Each structure stands twice: as C-alpha cells, then as structure tokens.
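Undergrad: Pasting a structure here, questions to come.
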Amino acid sequence: MLQSQLFCKINKNKSAEVESVSADLLARAGFVDQLMAGVFTFLPLGFRVLKNIENIIRKNMAEAGGQEILMPVLQPKENWLKTGRWSNMDVLFKIRGSGDKEYAMGPTHEEVVSPLAKKNIFSYRDLPFSVFQIQTKFRDELRAKSGILRTREFLMKDLYSFHTTQEDLDKYYDKMIKVYFNVFKELGIGKETYLTYASGGTFSRYSHEFQMVTDAGEDLIYICNKCKTAINKEIKAETPACPNCSSDSFEEKKAVEVGNIFKLATKFSLPFDLKFKDKDGAEKPVIMGCYGIGLSRAMGAIVEANYDERGIIWPKSVAPFAVHLIAIKSENKKVIATAQKIYQDLNKIGIKVLYDDREEKFAGEKFAEADMIGIPFRIVVSEKTIAKNSVEVKERSKKEAKLVKIKKLMQSLA
C-alpha cells in the first residue's frame, strides 16, 4: 500500500484526556476513530490488525475442533425470558420493533445457540461437538473507558461446546485452557497473561479469566508467587490460598481481561429442553461450556504490552504490514527507482509493505510517524544507502539500524 493513499492521518500531539496508552496511540497513529463513547471505527491500519488477530483465533478454534457459524445479533425477547436474563442482565441492549415486539441486541449467544443445538442433537452419538463465531456484540456498559479496552460495541469470538457428561466437559475445558494460552502467545501477550480464577456464579464454583497485566487495567488480580496462577479481586476474600497449589503468597497487579471460559453445565440447556438419549434410551440434559475472547479488546491489550516512548511496537503476527519502506526525498532519481523496485519485489513474494512515497515529507517526520505506527521492519532508501548498493534496515523493537546489501535484503527480513 502507498502511504500517500492511506486513509488516515497521524496526530503528533498526545491527548491529555485519554485513560490508557493504547487509547492514545491507536487514535493518534490512525488505527481507530471514536464515533462516540464506547463505539469506534477501525481504519485501514486497525482493520488489518483486527483481521490478523481474527485469523490467529480462527485457526486455533478450528484446530480445537470448533466449527465456525454466524448467529444473529438480533435476538427474540422470548428466549431471554426463558433464561431469566431479560430482567437481570444489566448490560442488555433492548430495542422495540413494529407491533410492540421487543428484541435483545446480543451481548452473548447462549439464548441462540442452545435452541439451535436442540434442532441437531438427539442422541449421544451427536455429542460432543463445538461451534464458534466471530461477531459484533453489544453491551450497555455504564461507563465505556480506555479506548477499545471497554466498549459498548465490540468484536468477539465465542465458542460453545456440548457434552454428554461433566467429565467430558472437564476434559475439553482443560484442553481449551492450553488452546487459549497458545492464542495469547501468538498474539504477543502470552508472557503477560495469567489464568485467573473467578467466581463461577450460578454455573460452577469457579470460572476462569485470562488476565493481562497492565497499568491500564481496571481489574485487580492476585498472582501466586509459587505457580503463577491468579485469583481475581471478587473471590480473593473467600479464597485465601491458591486453588492450584495452596500457596498463600500473592502479588497484586492491575490487569485487563482478554478472555474467559465457563462451565455452563445445564444452565442453558434446561430452559430450552436441550436433551439427548443415552445408550440405554434415557433422556439426559446436554452439558455445555462457553469460551470467549474479545478481539477488539485484545488489540488494545497488545498495544498496552508492546510500546515505547515513540509509539507502538506490533508483534510480527498481528502487524498491519511486515515492512515500512521509506524513500528519502532526493534529487537523485535512482532513490525513488530503487524504492519502487524493492516495493514491487517484496509484494511479488507476498511480503506486505507500507511504502512511504510521500514527496512532501522530510526524513525526520517520516521516521517519527513510522515509529508511532510500529511496523516490525523499517527499510530506508536514500542517496547514502544506494551509493553503497544498500538500504538501511531497522527492527522497530531494536535501537540500532544496519546497512544491508540490496541483493541480500529478502533474507535479512526472515
């Protein structure tokens, strides 16, 4: 992509009103634009990052046996009345249609997937199975804050699993914990993310959150100094020892939730009479689990974990481009010709490039903007470099640049 045609503008001035580093940098670097409190547009750079996050999550869910579907955002009031959540879920967006019909704007999809599964589950032979979707959700948050870390409209992956026994659910649940850690590792936030015990509510004794440590977090977690398992604030008073290793030594940290998993048991199968016949022909309720990751929130969390005083440092796995190619203004036509050839050659072999072809911008401004955008590799073509048949290559995460011969450029980017 040519930067001269990129639909976003870089803002050099830090806002005094932002509540988190990610909110500031994502807005200033042209990744997102705020329409109103808790609602954002993802601009071309941000959309590319979001799609890379989506692809990582989709790959891992498919490898875990999930089949992808897409369920409606608009949900009937009747289904929410059956589960009792029409009146007791305080973040539920409710809208009125024609003829006084009322609907929910889906914050989650148990009220859709359970009756859907009922149409396809009849026997123990139909189980287990799991389905997932990546879809926009709506939650009427009392206070949207910290940019895309807490919003009223957001992109989320939710997976639902269906089982014949609690033991089968437990086995799949433990498998998903490992899958989730692999997702966060691939996203570049694995080292900062902790499996965190949380209240199971009406589902079970415990559920689990995946909390990423950051000063922008609104949650408090207590990390076990022995096994590095964590407990969230809401259950710490009644859980003085680590549920995993029984240690009573903890470190308190601020964190943001980037994923959660629940053993739903029969909480949502019973209201919809979701049952199966076992080997003896007896009817039993289906056992369920659910597993969520907020994609847009994960994007904000990645920035919170990967930045410096100059801007964002995107992990290679989610960066909008692999290379930021910069041509320095010059009277020597060979500079532009060389940059254009490198741009074409990189594109031919499938390396995604943002080419700063803007003639009106000087080197210092281009470098400052490149640092703020945070693409993993910066390649600079100038009179000085081409005089040595070279280009300057700098990794965003490192301080020093190096001269690389143009003929060896491709292998240096590996």
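Nothing in this text is a laboratory measurement; each read-out follows from the coordinates by a stated rule. Please read these numbers as outputs of a predicted model, since none were measured by experiment. In this analysis, Cβ positions are derived from the backbone assuming ideal geometry, glycine residues included, and neighbour counts consider all displayed protein chains.
Undergrad: Fewest to most neighbouring Cβ within 10 Å: what's the order for C227, C245?
TA: Result, fewest neighbours first: C245, C227.
Undergrad: Sort the following peptides by mean Cβ neighbour count (other Cβ atoms within 10 Å, averaged over residues), highest first: 374-383, 155-164, 85-94.
TA: 155-164, 374-383, 85-94
Undergrad: Evaluate the relative contact order of segment 213-272 (contact order divided by residue number), counting alpha-carbon pairs under 8 angstrom at least 6 apart; express in whole percent.
TA: 41 percent
Undergrad: I've got another one for you. If I model segment 158-280 as equal point scatterers sitting on the Cα atoms and use the Debye formula, what is log10 I(q)/I(0) at q = 0.23 Å⁻¹?
TA: Calculated log10 I(q)/I(0) at the listed q: -1.38.
Undergrad: Taking the highest mean first, how do the peptides 345-355, 321-331 order by number of other beta carbon atoms within 10 angstrom per residue?
TA: Taking the mean over residues of other Cβ atoms within 10 Å, the ranking is 321-331, 345-355.
Undergrad: Same structure, new question: On C-alpha positions alone, give me the angle between the axis of helix 295-305 and the longest principal axis of the chain, in degrees, nearest 10.
TA: Approximately 50 degrees, to the nearest ten.
Undergrad: Right, something else. Tell me the relative contact order for the chain as a rounded percent, counting alpha carbon contacts under 8 Å between residues six or more apart.
TA: Here the relative contact order equals 16 percent.
Undergrad: Which shape class, rounded, prolate or oblate, goes with segment 343-390 when its Cα gyration tensor gives a ≥ b ≥ c as root eigenvalues, a/c under 1.5 marks rounded, and past that a/b bigger than b/c marks prolate?
TA: oblate
Undergrad: Can you give the log10 of the normalised intensity I(q)/I(0) at q = 0.16 Å⁻¹, computed with Debye over equal Cα scatterers of segment 128-194?
TA: The Cα Debye sum returns log10 ratios of -0.79.
Undergrad: Can you tell me what percent of all Cα-Cα pairs in segment 289-414 are more than 24 Å apart?
TA: 30 percent
Undergrad: Which of the cysteines found in the chain have nothing to pair with, since no other Cys Cβ lies under 4.7 Å from theirs?
TA: If one checks each Cβ against the other cysteines of the chain, C8, C290 turn up with nothing under 4.7 Å.
Undergrad: In whole angstrom, how far apart do the alpha carbon centroids of segment 233-271 and segment 70-136 sit?
TA: 25 Å
Undergrad: Jot down the per residue volume, in cubic angstrom and as a whole number, of the convex hull over the alpha-carbon atoms of the chain.
TA: In the chain, the Cα convex hull volume per residue is 172 Å³.
Undergrad: Please give the length that would be gained between K233 and I69 if that part of the chain were fully extended, namely 0.36 nm times their separation in residues minus their C-alpha to C-alpha distance (nm, one decimal).
TA: 55.6 nm
Undergrad: What order do you get for 189-198, 358-367, 100-109 when each peptide is scored by the mean count of other beta carbon atoms within 10 Å, highest first?
TA: 189-198, 100-109, 358-367
Undergrad: How far is helix 166-187 tilted off the main Cα axis of the chain, in degrees rounded to 10, range 0 to 90?
TA: 10 degrees
Undergrad: Where in segment 244-283 does the amide nitrogen come within less than 17 Å of the point 7 Å from the Cα of R125, taken along Cα to Cβ?
TA: What the label zone holds, given the 17 Å backbone N cut-off, is 276-283.
Undergrad: Between segment 340-414 and segment 1-46, what's the alpha-carbon centroid distance in Å?
TA: Result: 23 Å between the Cα centres.
Undergrad: Restricting to DSSP H runs of at least four residues, report the calculated mean residue ellipticity at 222 nm for the chain, -39500 (n - 2.57) per run over all residues, nearest 500 deg cm²/dmol.
TA: About -8500 deg cm²/dmol.
Undergrad: Under 17 Å from the 7 Å Cα→Cβ point of D280, by amide nitrogen: which residues of segment 122-161?
TA: 124-125
Undergrad: In square nanometres, what is the average projected area of the Cα convex hull of segment 51-182?
TA: Seen from a random direction, the Cα hull of segment 51-182 projects 10.0 nm² on average.
Undergrad: Cβ under 11 Å from E186's Cβ, E186 left aside: what net charge do those residues give with Lys, Arg +1 and Asp, Glu -1?
TA: With Lys, Arg at +1 and Asp, Glu at -1, the neighbours total +3.
Undergrad: Compute the long axis of helix 44-63 from its Cα atoms, compare it with the longest principal axis of the Cα atoms of the chain, and write down the angle in degrees, 0 to 90, nearest 10.
TA: 50 degrees
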